[in-house]
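Enquirer: The following block contains the structure, expressed as structure tokens.
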Amino acid sequence: NYGGKHMKETAFIWKNGNLLNWADATTHVLTHALHYGTAVFEGIRAYETPEGPAIFRAEEHYKRLIASGKMHLMNCPYSVKDFIDATTLLIKENKLNSCYIRPLVYYGYKEMGINPQQNPIDVIIAAWEWGTYLGEEGLEKGIRCKISSWNRLDSRIMPPLSKCGANYANSVLAKREALDEGYEEAILLNINGHVAEGPGENIFLIKDGKVSTPPISDNVLDGITRNSVIEILKDQGIEVKEKSMI
């Protein structure tokens, strides 16, 4: 469910350098990204601290956002600092203590057709209160997963390292199939039959006190949370092996 039922609208959304009222942050129905999936995004969290909201690894997220765009020949008009400044402003103006942050860079409305070069690049950042990805019950009791009949995108088809909106049609199909068959989540294999990832998360395996995770070469997203888990475990003296899983 991605916590969707707990989503709360906020006052403002940042778009192309300006704060707009939530309801006014709209786009044309012939926007290129709506028809051809030409959008890249990030999913970021800000957490409440005694010193105020803290954005989790903001620099890494926005570097990846810009890199995702470059993989699709989309040059983002804003820098990492611009994004962080805009996000900080948005959180402040929306009076949020903790929140989910969704930046999106996409080809907007001008011309129709496959080639988006003549279309403007629009940028938005939204922030709102949102529950955990698989809900509080999922955290407490665990979830049931199925091996999806859909394979994870291959690097010879689309860049799997990019968080492109088009890639997530793959995730939507896997998620819907899992839910329709009575599971909470899916596990996608790559075209070689190795475990890749879930529709919206990286995968770790704990067995006999050892931790492993699929390597990036198995067409998994180079997850920022994934890297954080590896670093935290390393600090605890626990090695994480990156290896293919069958």
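Enquirer: I'd like the orientation of helix 80-93 relative to the chain: the angle between its Cα long axis and the longest Cα principal axis, in ° from 0 to 90, rounded to 10.
Expert: Once rounded, one gets 80 degrees.
Enquirer: Per residue, how large is the accessible surface of region 81-191? Use a 1.4 angstrom probe and give square angstrom. Present the calculation step by step, with values, prior to reporting the outcome.
Expert: Numbers: 5860 Å² over 111 residues.
In whole numbers, region 81-191 has 53 Å² accessible per residue.
Enquirer: Pulled fully out, how much extra length does the chain show between Lys146 and Gln236, if you take 0.36 nm times their separation in residues and subtract their Cα-Cα distance?
Expert: Gain on extension, Lys146 to Gln236, equals 29.3 nm.
Enquirer: In deg cm²/dmol and to the nearest 500, what is the mean residue ellipticity at 222 nm of the chain if only DSSP H runs of at least 4 residues count, each as -39500 (n - 2.57), divided by the residue total?
Expert: Working: 6 runs with 65 residues, N = 246.
For the chain, the value works out to -8000 deg cm²/dmol.
Enquirer: Can you run phi through the Karplus equation (6.51, -1.76, 1.60; θ = phi - 60°) for region 199-215 and list ³J(HN,Hα) in whole Hz, with x for Gly and Pro?
Expert: Result, rounded to whole Hz: x, x, 7, 7, 10, 10, 10, 10, 8, 6, x, 10, 10, 9, 8, x, x.
Enquirer: Which whole-number percent gives the relative contact order of region 102-214, counting Cα pairs below 8 Å spaced six or more residues apart? Could you put the intermediate results ahead of the total?
Expert: Working: 142 pairs, mean separation 21.9, N = 113.
Once divided by the residue count of region 102-214, the mean separation gives 19 percent.
Enquirer: Between Ser98 and Asn227, what is 0.36 nm times their sequence separation minus the Cα-Cα distance? Round to one decimal in nm. Numbers along the way, then the final one.
Expert: Numbers: separation 129, 0.36 × 129 = 46.44 nm, distance 2.19 nm.
Taking 0.36 nm per residue and subtracting the Cα distance, the gain is 44.2 nm.
Enquirer: What list of ³J(HN,Hα) values in whole Hz, one per residue of region 120-133 in order, does the Karplus curve 6.51 cos²θ - 1.76 cosθ + 1.60 (θ = phi - 60°) give from phi, with Gly and Pro shown as x?
Expert: Each residue of region 120-133 in turn: x, 9, 9, 9, 10, 9, 10, 8, 7, 6, 8, x, 5, 4 Hz.
Enquirer: Whole Å is fine, so just give me how far the alpha carbon centre of region 158-237 lies from that of region 1-63.
Expert: After rounding, the separation between the Cα centres reads 22 Å.
Enquirer: Can you spot the lysines whose alpha carbon is less than 20 Å from Lys210's alpha carbon? Ignore those fewer than 8 places along the same chain.
Expert: Lys234, Lys241, Lys243
Enquirer: Same structure again: Compute the FRET efficiency between Thr88 and Tyr109 as 1/(1 + (r/R0)^6), taking r as their Cβ-Cβ distance and R0 = 25 Å, and round to the nearest 0.05.
Expert: 0.30
Enquirer: On to the next question. Using a 1.4 angstrom probe on heavy atoms only, work out the carbon and sulfur share of the accessible area of the chain in %. Mind showing how you got there, number by number?
Expert: On the way: 7410 of 13710 Å².
Reported share for carbon and sulfur atoms: 54 percent.
Enquirer: Could you name the lysines whose alpha carbon sits less than 30 Å from that of Lys110, not counting residues in the same chain fewer than 8 places away?
Expert: Answer for Lys110, where 30 Å is the Cα cut-off: Lys15, Lys63, Lys70, Lys81, Lys163, listed by chain and number.
Enquirer: Right, next: Amide H neighbours of Gly198 under 5 Å, counting only residues 5+ apart in sequence or on other chains, H built in-plane at 1.01 Å?
Expert: Amide H to amide H, under 5 Å and 5 or more residues apart or across chains, Gly198 pairs with Leu188, Ile203.
Enquirer: 7 Å from Cα along Cα→Cβ at both Trp22 and Tyr36: what's the point-to-point distance in nm?
Expert: Label-label distance for Trp22 and Tyr36, simple model: 3.3 nm.
Enquirer: Let me ask something else about it. On a 0 to 90 degree scale, rounded to 10, what angle separates helix 58-71 from the longest Cα axis of the chain?
Expert: For helix 58-71, the angle is close to 80 degrees.
Enquirer: Note the full-extension length gain between Gln117 and Leu173 as 0.36 nm times their separation in residues minus their Cα-Cα distance, in nm to one decimal.
Expert: Details: separation 56, 0.36 × 56 = 20.16 nm, distance 2.91 nm.
Full extension from Gln117 to Leu173 adds 17.3 nm.
Enquirer: List the aspartates and glutamates whose Cα sits under 17 Å from the Cα of Lys175, skipping any in the same chain fewer than 8 residues away.
Expert: Those aspartates and glutamates meeting the cut-off are Glu184, Glu185, Glu197, Glu201.
Enquirer: If you plug each phi of region 162-169 into the Karplus form 6.51 cos²θ - 1.76 cosθ + 1.60 with θ = phi - 60°, what whole-Hz ³J(HN,Hα) values come out, in order, with x for Gly and Pro?
Expert: Residue by residue, region 162-169 yields 8, 8, 8, x, 4, 4, 7, 5 Hz.
The values are calculated or read from the model by the stated rules, or taken from the named source; none is laboratory data. Fair warning: this is a prediction, and the values are worked out from it, not measured in the lab. Backbone-built Cβ (ideal geometry, glycine too); neighbour counts: all protein chains shown. Areas reflect the complete protein model, heavy atoms only, side chains present, ligands, DNA and RNA absent. Shrake-Rupley method; radii C 1.70, N 1.55, O 1.52, S 1.80 Å.
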